[in-house]
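The structure appears below as structure tokens.
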Amino acid sequence: MYYTVIMKIQKDFSIKDFNTFSVDIKTKYFAEVNTIDDLQKVIKNYPDEKIFVLGGGSNVLFLRDWDGLIIKVNIMGIKVLREDEESVYVEVASGEIWDDFISWCIERNYAGVENMVMIPGTVGGAVTQNIAAYGQNITDVLFEIEVFDVEKRDLLKLKPEECNFEYRSSRFKNEWKNRYIVTSAIFKMKKNAKTFELSYHERAGRYGSIFEELKSFAKEPYTLSDVATAVKRQREKRLPNVDDYGTCGSFFRNPIVSVKKFKELEKKITDLQSYPVENLNYKNEEGEKGEFVKIPAGRLLDELGWKGKWCENVGVFDRHALCVVTNKKATGEEVSQFIQEMKKDVKKNYGVDLIEEVDIVC
Ligand SMILES: Cc1cc2nc3c(=O)[nH]c(=O)nc-3n(C[C@H](O)[C@H](O)[C@H](O)COP(=O)(O)OP(=O)(O)OC[C@H]3O[C@@H](n4cnc5c(N)ncnc54)[C@H](O)[C@@H]3O)c2cc1C
């Protein structure tokens, strides 16, 4: 028997339950699309409304009501397209929950995404945000992206090279915003992996490395499931849980500064870490090779005493200075005012501009 899920379109709809900051704003129209046909229909039927595409709402902050159409992408499906001895190509619809896709991979022993476990949100959101965690990056496994072109009302296939994927950014977040809606992505996963990416190390020392975590509960040869469990344990120790707090995880990107600036900051902040800009493997600690290095924004904020600081409904998580949290009652404006203070403080004391990772929607 086949079930067709009818597209729901609601008017003057609160999206409080559809964003992890739990900001209670209303949108003029809210459409939950389950198929590409639904997408076609909704774009055709509301040609004059400004649109915003929403996945799991785990990286957006709405400042006020949305006078237009929010399209919530619920397109589902995971399909193996082809495989050979070493790899398997998996097509995943953009409404699938990213973490469910990881569980699906671990059950089949397909490697390449296990370190990105527990990142909230959808596959569509993960692609546009260019997610990464614990030394793995979505672009390591991303093979092809299918998008719906809102202007031409047609589907288009894109290679990752066309999307300008950069640190937490892509053309989807810039000139393609709300023009290309990601409908699915193909991932090239590794079969029979024997070695894993375990190099990530919290160099400030507080939570150790994934490898140390792994050793504490598992025996060699480690499995994909062991690696994912080690990452989960580390994340539970250091990151806020979306059931307890309103949050989008890290609010700011780690700033990229010149090596000269880094040396200057190092004099003020003992043991300030730096990462090479060109890769996220956290292996090369020199920072001498390129002209620029990435520095941890959380450390700058921590030095300035932001960890655990609250102002009414908004605060900073007490175990991670980069995570802005709320009691789920804060408005978008309140969060925005709070983060402006954080930015001002860092600029004043260190001359560094913090840039938001979260998509702030006005
Ligand atoms: C507790 C916590 C921990 C986190 N940890 C990490 C982490 O370790 N690493 C990391 O990289 N991120 C992390 N994040 C951030 C966030 O989870 C990711 O960026 C996630 O991929 C966003 O997906 P989403 O579906 O929720 O996107 P949304 O928040 O819904 O949208 C984000 C942006 O993508 C656009 N978008 C969404 N879906 C589509 C689509 N189908 N087509 C076109 N555009 C689309 C939206 O318009 C918006 O601009 C964390 C967040 C939280 C709350």
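Bear in mind that the values in this text are calculations on the coordinates, not laboratory data. As the structure is a computational prediction, the values presented were derived from the model and not from experiment. Cβ placement follows ideal geometry from the backbone for every residue including glycine, while neighbour counts extend to all protein chains displayed.
Placing one identical point scatterer on every Cα of region 179-269 and ignoring solvent, what is log10 I(q)/I(0) from the Debye formula at q = 0.14, 0.20, 0.23 Å⁻¹?
With no solvent term, the Cα-only Debye profile gives -0.86, -1.10, -1.14.
I'd like the Karplus ³J(HN,Hα) series for region 122-127: coefficients 6.51, -1.76, 1.60, θ = phi - 60°, whole numbers in Hz, and an x wherever there's a Gly or Pro.
Values per residue, Gly and Pro as x: 9, 5, x, x, 4, 5 Hz.
Give LYS237/LYS307; LYS267/LYS294; LYS11/LYS159; LYS16/LYS347; LYS157/LYS190 a once-over and call out the pairs whose C-alpha atoms are over 26 Å from each other.
Over 26 Å Cα-Cα: LYS11/LYS159; LYS16/LYS347.
To make sure I understand, if each residue's beta carbon is the centre and we count other beta carbons within 10 Å, what order do LEU155, LEU142 fall in, fewest to most?
So the residues, fewest neighbours to most, are LEU155, LEU142.
What do you get for GluC sites (Glu not before Pro) in region 1-106 restricted to DSSP loop and a cutoff of at most 11 other Cβ within 10 Å of the site's Cβ?
Here the sparse-neighbourhood loop sites are GLU85, GLU86.
With a point put 7 Å past each Cα toward its Cβ, work out how far ILE269 is from LYS347 in nm, to one decimal.
Taking the simple label geometry, ILE269 and LYS347 are separated by 1.7 nm.
Once you have a ≥ b ≥ c as the square roots of the Cα gyration tensor eigenvalues for the chain, tell me rounded if a/c is under 1.5, and otherwise prolate or oblate according to whether a/b is larger than b/c.
oblate
Just flag the trypsin sites (Lys or Arg not before Pro) in region 1-53 sitting in loop per DSSP whose Cβ has no more than 12 other Cβ atoms within 10 Å.
In loop regions of region 1-53 (DSSP not H, G, I, E or B), the sparsely surrounded trypsin sites (Lys or Arg not before Pro) are LYS50.
With a/c under 1.5 counting as rounded, go ahead and sort region 135-186 into rounded, prolate or oblate using the C-alpha gyration tensor (a ≥ b ≥ c being the square roots of the eigenvalues; past the cut-off, prolate if a/b is larger than b/c, else oblate).
It is oblate, given that a/c is not under 1.5 and a/b is not larger than b/c.
From the C-alpha coordinates alone, can you work out the Kirkwood hydrodynamic radius of region 246-361, in Å?
Here the Kirkwood hydrodynamic radius works out to 14.8 Å.
Rank the residues THR195, THR27, THR128, THR35 as a footprinting-exposure proxy: fewest other Cβ atoms within 10 Å of their Cβ go first.
With the fewest neighbours first, THR195, THR27, THR128, THR35 line up as THR195, THR35, THR27, THR128.
Using the per-residue mean of other Cβ atoms lying within 10 Å as a proxy for protection, in what order, highest first, do the peptides 71-82, 226-237 fall?
Per-residue mean Cβ counts within 10 Å order the peptides as 226-237, 71-82.
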